[in-house]
Amino acid sequence: MKKYRAGLFGLGVVGSGVFQTLSNNKDFPISIEKIAVKNPGKKRNIEVDASKIYTDASELLEDESLEIIIELINDPHEAFQIVSQALRNGKKVVTANKKMISLYHQELLQLSSETDGTLLYEAAVCGSIPVIRLLDQQFGADEINKVTTIANGTCNYILTQMSAKGWSYTKALQEAQNLGFAELDPYSDVSGEDTRFKLSIIILHSFGVHIKADDIPMVGIEHIDDSAIEFASENKVKIKLVGQAIQKNGSLSASVIPQFVEASEDIFFVDEEYNAVQIDAKYANRQFFKGKGAGSFPTSSAVVSNLSDIIYNRGYQLPASLTTFKKIEPTSDYYYVAGNEEVLHHLNVEEILVSETNYKIVKASLGTLLETSKEGAALSIINLPESLLKKLANTHAII
């Protein structure tokens with residue numbers, strides 16, 4: 001079998017995991033020969049031969065003996081420059097940078113096509129769950145109607161601790177940071193932005209359409225408080241940050257939002273830092289996949305899987321013609337909304353079904369609720385399924 005020489009950008013959590021995995025598997029036909037880092041003197045938990053370490057990207061990108069570039073840095077814009085140049089130089093590229101893929105998806109696919117290059121990014125979405133491969137291969141000949149995902153292990157960990165242990169949001173976030181699940185600046189995770197980037201990639205591989213991440217309505221978990229957790233406990237449901245995309249009658253709806261999830265749903269049992277993907281298809285019906293979405297080795301396993309794809313010359317089977325949607329279809333749904341009493345009193349909604357002192361259950365457009373939130377009102381907005389609404393009718397006064 002042919003042997004490949006690779007260059008690695010980044011030696012953080014995932015990069016270290018990839019390096020260790022390949023170093024420990026001498027029979028794997030890909031070896032990392034050069035590593036580009038910003039701070040060569042940084043203390044690391046793994047031993048790396050100093051002769052492999054470089055600070056100049058061109059040392060890897062211009063080295064004709066390196067056929068593969070593995071990009072695992074944080075900055076999406078810098079990563080785009082690295083990946084673009086690697087493709088232009090005829091190298092095969094594997095990346096885990098979901099923000100870069102989401103922001104520059106069209107440009108990268110076009111460049112990959114023009115250069116007849118290879119660009120693989122399984123690790124960018126849901127860690128160890130091979131969701132891109134599943135969508136491209138297992139469901140390639142099927143018609144996907146809906147994709148539902150828990151794609152952020154940090155949020156899932158925080159919500160699990162708030163529910164199971166009664167921790168405050170602040171305490172759960174602090175513990176997530178202590179364990180390395182959350183960054184010092186947790187905005188991308190807790191705001192829903194990280195899930196939104198991943199959902200935009202999933203949408204491309206599910207429906208063959210480009211959706212800008214910014215066009216997907218998003219609600220985070222920052223304002224979920226004890227009263228929402230208590231409401232969930234009383235009604236035997238859990239709160240999960242869910243990304244969802246539905247294609248119906250030629251239109252597409254998508255969102256990232258906390259949801260009350262009942263025990264009848266598979267994602268009810270996805271706790272801690274685990275991720276999940278549920279695919280509803282015309283012929284395969286409902287399929288559910290669960291796995292670790294964060295951490296060094298779960299994510300590096302997806303990178304190594306893509307390296308195996310290179311060995312066996314496997315790429316993505318994207319549609320020949322990709323469509324760009326101008327916007328997501330607005331839809332009305334049921335929501336639990338909590339926050340300032342005065343703001344709740346003046347909510348612009350279609351219908352109020354339950355009205356309590358500290359929360360309301362309403363039928364509304366998510367866009368309308370988000371506009372209210374943007375105006376300075378710290379609202380807790382949680383999607384509420386109709387099945388739960390029917391149960392509430394037996395215990396609450398439905399207006």
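Residue count for segment 176-199, restricted to those that are of a type in the set (Asp, Glu), within 18 Å of SER296 (Cα to Cα) and open to solvent by less than 60 Å² (accessible area, probe 1.4 Å): 2.
Out of SER300, SER305, one residue alone is surrounded by fewer than 19 Cβ atoms within 10 Å (Cβ to Cβ), outside any strand (DSSP E or B), modelled with pLDDT of 80 or more and in contact with a helix residue (DSSP H, G or I) (Cβ under 8 Å, 6 or more places away or on another chain). It is SER305. Of the numbered criteria (1) closer than 24 Å to GLY12 by Cβ; (2) out of contact with any Lys or Arg (no Cβ under 8 Å at 6 or more places or on another chain), the one GLN110 fails is (1).
Counting only residues that are out of contact with any Ser or Thr (no Cβ under 7 Å at 6 or more places or on another chain) and outside any loop (DSSP other than H, G, I, E, B), which one in segment 315-336 is modelled with the lowest pLDDT? Within segment 315-336, the match that is modelled with the lowest pLDDT is THR324.
Of the residues making up segment 66-81, those that are open to solvent by less than 10 Å² (accessible area, probe 1.4 Å) and within 15 Å of ILE101 (Cα to Cα) number 3. Residues in segment 44-61 that are part of a loop (DSSP other than H, G, I, E, B) and more than 31 Å from the chain's Cα centre (by Cα): ASP49 only. Can you confirm whether ILE221 is among the aliphatic types (A, V, I, L, M) and either open to solvent by 30 Å² or more (accessible area, probe 1.4 Å) or in contact with a Ser or Thr (Cβ under 7 Å, 6 or more places away or on another chain) (or both)? When the stated conditions are applied, ILE221 does not pass them.
Screening the candidates ILE202, ILE239 for the property of being crowded, with 22+ Cβ neighbours inside 10 Å, in contact with a helix residue (DSSP H, G or I) (Cβ under 9 Å, 6 or more places away or on another chain) and outside any helix (DSSP H, G or I) yields one hit, ILE239. For segment 242-257, the tally of residues that are open to solvent by less than 10 Å² (accessible area, probe 1.4 Å) and either without any contact (Cβ under 8 Å) to a residue 60 or more places away in the chain or over 16 Å from ILE203 (Cβ atoms) (or both) stands at 0. Restrict the check to segment 177-199 and report whether at least one residue is touching a strand residue (DSSP E or B) at 6+ places or on another chain (Cβ under 6 Å) and under 16 Å from TYR274 (Cβ atoms). Within segment 177-199 (the criterion being touching a strand residue (DSSP E or B) at 6+ places or on another chain (Cβ under 6 Å) and under 16 Å from TYR274 (Cβ atoms)), the answer is yes, since at least one residue qualifies.
Of the helices (runs of 4 or more DSSP H) lying entirely inside segment 341-399, those containing at least 3 residues that are modelled with pLDDT of 85 or more and within 31 Å of the chain's Cα centre (by Cα) are 366-374, 386-392. For segment 142-171, the set of residues classified as over 24 Å from LEU370 (Cβ atoms) and either open to solvent by less than 10 Å² (accessible area, probe 1.4 Å) or in contact (Cβ under 8 Å) with a residue 60 or more places away in the chain (or both) consists of ASP142, GLU143, ILE144, ASN145, GLY153, TYR157, THR160, GLN161, SER163, ALA164, GLY166, listed by residue number.
ILE129 meets all of the listed conditions (1) in a loop (DSSP other than H, G, I, E, B); (2) open to solvent by less than 50 Å² (accessible area, probe 1.4 Å); (3) more than 26 Å from TYR283 (Cβ to Cβ) but one, namely (3).
The values are calculated or read from the model by the stated rules, or taken from the named source; none is laboratory data. Remember, predicted model here, so these are calculated numbers, not experimental data. Note: ideal-geometry Cβ built from the backbone for every residue, glycine included; neighbour counts use all protein chains shown. Heavy atoms of the whole protein, side chains included, go into the accessibility calculation; ligands, DNA and RNA do not. Shrake-Rupley method; radii C 1.70, N 1.55, O 1.52, S 1.80 Å.
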